[in-house]
Amino acid sequence: MRLHLLLLLALCGAGTTAAELSYSLRGNWSICNGNGSLELPGAVPGCVHSALFQQGLIQDSYYRFNDLNYRWVSLDNWTYSKEFKIPFEISKWQKVNLILEGVDTVSKILFNEVTIGETDNMFNRYSFDITNVVRDVNSIELRFQSAVLYAAQQSKAHTRYQVPPDCPPLVQKGECHVNFVRKEQCSFSWDWGPSFPTQGIWKDVRIEAYNICHLNYFTFSPIYDKSAQEWNLEIESTFDVVSSKPVGGQVIVAIPKLQTQQTYSIELQPGKRIVELFVNISKNITVETWWPHGHGNQTGYNMTVLFELDGGLNIEKSAKSWRLESKIKVSAELCSFRRLWERILPCPFQFLIIAGNPWLVDASL
């Protein structure tokens, strides 16, 4: 069986200096339907169905045939809006962004009555530059389009080839063209699961302001070099450099358990920049691989990456190891399958079945 080093996973928040501030817009928002006949308060994170239920405007969506009775909610176009005051001086910041961690799903975004962007993917994180439109007191609107109607429009516009299924089986009482919208698939119904194509803001919304530069993205992956028989780590970081001059500094990567600390010099030019680092782990250090429960130890490693940049800007990323606990099950039904692959693969190998329960989310709202 293939060996794996337990990746230094589960990224933690970055430690920063006063070169960055953040203000969350989660909490109370206003919601109204397409023709303005229904207005109500709603929470963010949240969705329209939950807001209607909390205000007593609909009953429990999971009771009897309420998935059909409340289908009108998903077919309407709803708007989330909020007015707010930013608790810091905007003029002191070179760049101000609106960050939406999760929007469900198709929407047009207006900030101070100016259209700043659109969303069409429930799983994406969106960032919009609002430096030129933000004020001390602001308004924000997310004008949603029904995901059901959007999917139908996209299906009608797509003529090159067929995208199945057009509609689910009638017994599911679900919505059609689910594969034309990047949304939680089970919200259009799934087997015995009811259809609730929600609309709303399901993750955090915030204002980010920063000077000099900002770390937008950070990822890494371990690589095992078979020829050299050693582990390496590739780190990739994406920066938005708003300084008019290059930003220099150094990066310190530390993995204490592997007795590894390496320092790199960097210089970031203005604009969007990517920093790629290659960390070599000495062959003299014993690296314990990670195994599923019952097949070996679940060894993990912690890592810190510290960016020390010009202007006194320090950005620290931590990666904490986590343990995957798995139940191992050997299935007799795979015996014939194993014999088939033994004829195809000349080298010995081992089957490892990780058992789990198929689970359709029990609360789609």
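The values are calculated or read from the model by the stated rules, or taken from the named source; none is laboratory data. Note that the coordinates shown come from a computational prediction; the quantities given were computed from them, not determined experimentally. With ideal geometry, Cβ positions are generated from the backbone for all residues, glycine too; neighbour counts draw on all protein chains shown. Heads up: the accessible areas ignore ligands, DNA and RNA and are worked out on the full protein's heavy atoms, side chains in. Shrake-Rupley method; radii C 1.70, N 1.55, O 1.52, S 1.80 Å.
Report the chymotrypsin sites (Phe, Trp or Tyr not before Pro) located in the range 150-210 that are in a DSSP loop and have at most 13 other Cβ atoms inside 10 Å of their Cβ, or state none.
Working: sites: Y150, Y161, F180, F188, W190, W192, W202, Y210; in loops: Y161, W192, W202.
In loop regions of the range 150-210 (DSSP not H, G, I, E or B), the sparsely surrounded chymotrypsin sites (Phe, Trp or Tyr not before Pro) are Y161, W192.
Taking only C-alpha pairs under 8 Å that are 6+ residues apart, what is the relative contact order of the range 212-321 in percent? Let's see the in-between values first.
Values: 228 pairs, mean separation 27.8, N = 110.
It comes to 25 percent, rounded to a whole number.
Just subtract the alpha-carbon distance of Q261 and L38 from 0.36 nm times their residue separation and send over the number in nm, one decimal.
Values: separation 223, 0.36 × 223 = 80.28 nm, distance 5.93 nm.
Extra length from Q261 to L38 when fully extended: 74.4 nm.
Given H placed on each backbone N at 1.01 Å, which residues far from I130 in sequence or on other chains put an amide H within less than 5 Å of it?
So I130 has HN proximity to V96, N97, L98.
Given a cut-off of 26 Å, name the pairs among K183/K317; K82/K203; K245/K317; K203/K317 whose C-alpha atoms lie farther apart than that in the structure shown. Could you put the intermediate results ahead of the total?
Details: K183/K317 30 Å; K82/K203 16 Å; K245/K317 24 Å; K203/K317 22 Å.
Cα-Cα > 26 Å for K183/K317; rest within.
Using a 1.4 Å probe and counting only protein heavy atoms, arrange K156, K92 so the residue with the most accessible area comes first.
Values: K156 170, K92 150 Å².
Listed by decreasing accessible area, they come as K156, K92.
Which GluC sites (Glu not before Pro) from the range 228-269 combine a DSSP loop assignment with at most 16 other Cβ atoms within 10 Å? Kindly include the intermediate steps, with their values, before the conclusion.
Details: sites: E230, E234, E236, E267; in loops: none.
Nothing satisfies the criteria.
Taking a spot 7 Å from the Cα of N280 along the direction of its beta carbon, which residues of the range 207-244 have an amide N less than 16 Å from it?
Hits in the range 207-244 for N280 at 16 Å: 223-235.
Can you list which of the GluC sites (Glu not before Pro) found in the range 80-120 are DSSP loop residues with at most 16 other C-beta atoms within 10 Å? Present the calculation step by step, with values, prior to reporting the outcome.
Details: sites: E83, E89, E101, E113, E118; in loops: E89, E101, E113.
Taking the range 80-120 and a limit of 16 other Cβ atoms within 10 Å, the loop GluC sites (Glu not before Pro) found are E89, E101, E113.
Using a 1.4 Å probe and ignoring any ligands, DNA or RNA, find the accessible area of V181 and quote it in Å² to the nearest 10.
Solvent-accessible area, nearest 10 Å²: 10 Å².
Amide H to amide H, which residues 5 or more places from L25 or on other chains are under 5 Å from it, using H placed in the peptide plane?
Here the answer is V205, R206, I207, since their amide H atoms fall under 5 Å of that of L25.
Contact order normalised by length for the range 27-163, with contacts defined as Cα pairs under 8 Å and 6 or more residues apart; what percent is it?
Working: 218 pairs, mean separation 32.7, N = 137.
This gives 24 percent for the range 27-163.
Under the rule of at least 5 residues apart or a separate chain, name every residue whose amide H is placed under 5 Å from the amide H of G117.
Here I109 satisfy the definition.
Rounded to a whole number of µm²/s, how large is the Stokes-Einstein D of the range 216-327 at 4 °C and 1.567 mPa s, given Rh as the Kirkwood radius over C-alpha pairs?
Roughly 82 µm²/s, to the nearest whole number.
What are the ³J(HN,Hα) couplings of the range 198-213, residue after residue, when phi is run through the Karplus curve with 6.51, -1.76, 1.60 and θ = phi - 60°? Round to Hz, x for glycine and proline.
Those phi angles translate into 6, 10, x, 10, 9, 9, 5, 10, 7, 9, 10, 10, 8, 10, 6, 7 Hz.
Ordered by residue, what ³J(HN,Hα) values in Hz, to whole numbers, does the range 147-163 give under the Karplus form 6.51 cos²θ - 1.76 cosθ + 1.60, where θ = phi - 60° and Gly and Pro are x?
Running phi through 6.51 cos²θ - 1.76 cosθ + 1.60 with θ = phi - 60° gives 5, 5, 5, 4, 4, 5, 5, 5, 5, 5, 7, 8, 10, 6, 7, 7, 10 Hz.
How big is D, in µm² s⁻¹, for the range 20-207 by Stokes-Einstein at 4 °C and 1.567 mPa s if Rh is the Kirkwood radius over C-alpha pairs?
Working: Rh = 17.6 Å.
After rounding, the answer is 74 µm²/s.
Would you list which aspartates and glutamates come within 20 Å of K226, measuring only between C-alpha atoms, while excluding same-chain residues fewer than 8 positions from it?
Here the aspartates and glutamates satisfying the reach criterion relative to K226 are E234, E288.
Spelling out what I want: for every residue of the range 31-39, take phi, set θ = phi - 60°, compute 6.51 cos²θ - 1.76 cosθ + 1.60 (Karplus), and round to whole Hz; glycine and proline get x.
10, 9, 7, x, 9, x, 7, 9, 10
Note down the magnitude of the dipole of the range 29-172 about its Cα centre, charges +1 on Lys and Arg C-beta and -1 on Asp and Glu C-beta and zero elsewhere, to the nearest 20 debye. Don't skip to the end; give the middle numbers.
Values: 12 positive and 15 negative charges, 40 e Å.
Rounded to the nearest 20 debye, it is 200 debye.
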